[in-house]
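Here is the structure we will look at.
The values are calculated or read from the model by the stated rules, or taken from the named source; none is laboratory data. Computed from a predicted structure; not experimentally measured. Note that each Cβ is placed from the backbone with ideal geometry, even for glycine, and that neighbours are counted across all protein chains shown. The area values use the complete protein model at the heavy-atom level, side chains included, leaving out ligands, DNA and RNA. Shrake-Rupley method; radii C 1.70, N 1.55, O 1.52, S 1.80 Å.
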Amino acid sequence: MIILGIETSCDETSCAIVEDGNLLANVVISQVEIHKEYGGVVPEIASRNHIENIIPILNQTLEDANKRIEDITACAVTVAPGLIGALFVGTCFAKTLSYALDIPCLPVHHIDAHIQSIYLEHKDIKYPYVAFILSGGHTQIVFCNSIGDYKILGTTLDDSVGEAYDKVARLLNLGYPGGPIIDSIAKDGDKEKIKFPKVFLDEGSLDFSLSGLKTAVYYFLKKNKGGYKVEDICASFQKSVSDVILKRIEQIYNRTGCKRYILCGGVAANSFLRKVMKEKISEYDGEFYVPSLEYCTDNAAMVALAAYRNYVNSLITSSALDLNPEAYLNITDFFKIQSACSMPRHPGS
Ligand code: KG4
Ligand code: ZN
């Protein structure tokens with residue numbers, strides 16, 4: 001089975017080809033340089049750039065994979081969640097291709113794609129595990145009992161982790177996206193220098209609340225004009241974020257005894273977080289997996305692979321007619337909707 005994956009949910013346009021679960025090509029064009037001047041993603045500009053980029057990216061992907069368009073046996077596309085206009089571009093493109101080529105069109109949930117990105121490089125990770133999906137648009141902790149059998153343990157009540165990085169970087173005039181910049185500057189800072197707040201919420205809660213941290217950085221800067229090194233602010237901010245994440249791991253371990261954890265999404269590229277999570281999980285003699293940097297941020301390789309794994313496990317419908325984008329749809333509802341749809345197998349698949 002040769003799957004063409006398509007990802008356009010935010011500001012990366014990407015196509016990838018996966019053959020029987022093995023990645024052949026993954027081409028990503030990031031629009032970061034375009035959105036930089038606005039300090040964040042402008043939805044309409046993102047959609048317009050997806051339209052411009054999608055065909056050249058498809059051609060490049062086919063060339064890299066050494067395949068012709070007629071070789072593709074299914075299309076897979078991110079249908080939710082994301083910027084609605086951006087999702088429309090990918091979904092419409094995938095539907096049209098599958099109609100023209102008479103092949104199945106497979107819907108993919110963006111959070112599920114991030115979770116399953118881990119299998120691009122670690123094919124044999126066993127269930128159950130707990131996934132931390134931390135990105136610009138999403139912050140979720142998901143208990144993965146088996147493929148498609150997921151329970152959301154926690155989510156953010158306000159800003160996502162990536163958003164907190166981006167907003168704090170903006171306060172510090174560091175540029176966009178803030179995550180990689182703060183990550184790099186913090187390496188030269190003292191993380192114990194400033195005590196920023198850590199919001200743990202109620203004892204039983206596994207949710208996150210990060211908007212107060214951003215506000216604390218704002219008031220700190222107002223009060224201490226130029227009195228502190230930006231390196232120390234970045235390192236101390238990262239420490240506050242990661243302390244809450246480590247606390248969540250501790251709570252989950254105490255509650256479930258689960259020893260297997262994965263970290264994915266754009267913020268999974270963070271070097272400090274990768275290090276401290278690994279150390280924490282090793283205290284439990286547990287297993288910790290994180291994708292390579294190129295598969296942390298949005299890409300179509302994870303979309304194609306998630307579609308493949310879900311399809312062979314009969315978890316998703318293959319009917320292009322049932323496939324419609326949704327800006328907001330949680331991962332468990334996505335699989336409920338899929339299981340409610342009939343699943344006609346395409347003869348050519
Ligand atoms: O998964 P992603 O590419 O897009 C969404 O689905 O949102 O994540 C983008 C987010 C941005 O907020 C960016 O600042 C953050 O990931 N990010 C990082 C790092 N690299 C990217 N955050 C912290 N440290 C990094 N090294
Ligand atoms: Zn993402």
What tally of residues in segment 160-192 results from selecting those that are more than 7 Å from ligand 1 (Cβ to nearest atom), open to solvent by less than 70 Å² (accessible area, probe 1.4 Å), more than 17 Å from Val244 (Cβ to Cβ) and in a helix (DSSP H, G or I)?
5
What pairs can you find where one residue is in segment 100-111 and more than 12 Å from ligand 2 (Cβ to nearest atom), the other is of a type in the set (Val, Ile, Thr) and open to solvent by 10 Å² or more (accessible area, probe 1.4 Å), and their Cβ atoms are less than 8 Å apart, with a gap of 6+ or different chains?
Leu101/Ile69; Ile103/Thr73; Pro104/Thr73
Checking Thr155 against (1) surrounded by fewer than 23 Cβ atoms within 10 Å (Cβ to Cβ); (2) more than 15 Å from Ser209 (Cα to Cα), only one condition comes out false. Which one?
(2)
Restricting attention to segment 214-233, which residues are open to solvent by less than 10 Å² (accessible area, probe 1.4 Å) and either closer than 30 Å to Ile152 by Cβ or touching a strand residue (DSSP E or B) at 6+ places or on another chain (Cβ under 7 Å) (or both)?
Val217
Cross-chain or 6+ apart pairs with Cβ under 9 Å, segment 268-288 first and free of Cβ contacts under 8 Å to residues at least 60 places away in the same chain, then open to solvent by 80 Å² or more (accessible area, probe 1.4 Å) and assigned to a helix (DSSP H, G or I)
Phe288/Lys278
Of the residues Leu305, Leu263, only one is more than 14 Å from ligand 2 (Cβ to nearest atom) and open to solvent by less than 10 Å² (accessible area, probe 1.4 Å); which?
Leu305
Which of the residues belonging to segment 81-110 are hydrophobic (A, V, I, L, M, F, W, C) and either more than 16 Å from Ile316 (Cβ to Cβ) or within 18 Å of the chain's Cα centre (by Cα) (or both)?
Leu83, Ile84, Ala86, Leu87, Phe88, Val89, Cys92, Phe93, Leu97, Ala100, Leu101, Val108
Residues of segment 121-138 being part of a strand (DSSP E or B) and within 11 Å of ligand 2 (Cβ to nearest atom), which ones?
Ile133, Leu134
What helices (runs of 4 or more DSSP H) completely inside segment 1-110 contain at least 3 residues that are more than 16 Å from ligand 1 (Cβ to nearest atom) and open to solvent by 10 Å² or more (accessible area, probe 1.4 Å)?
43-65, 84-101
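Let's see how each residue does on (1) under 30 Å from Leu101 (Cα atoms); (2) modelled with pLDDT under 95; (3) within 16 Å of ligand 2 (Cβ to nearest atom); (4) open to solvent by less than 20 Å² (accessible area, probe 1.4 Å):
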| position | (1), (2), (3), (4) |
| --- | --- |
| Lys259 | no, no, no, no |
| Ala269 | no, no, yes, no |
| Ser292 | no, no, yes, no |
| Pro347 | yes, yes, no, no |
Test Asn299 against the criterion of being in a loop (DSSP other than H, G, I, E, B) and closer than 26 Å to Ile29 by Cβ, and give yes or no.
yes
Please state which of the following conditions Ile57 fails to meet, knowing it meets all the rest: (1) over 20 Å from the mean Cα position of the chain (by Cα); (2) more than 18 Å from Ala301 (Cβ to Cβ).
(2)
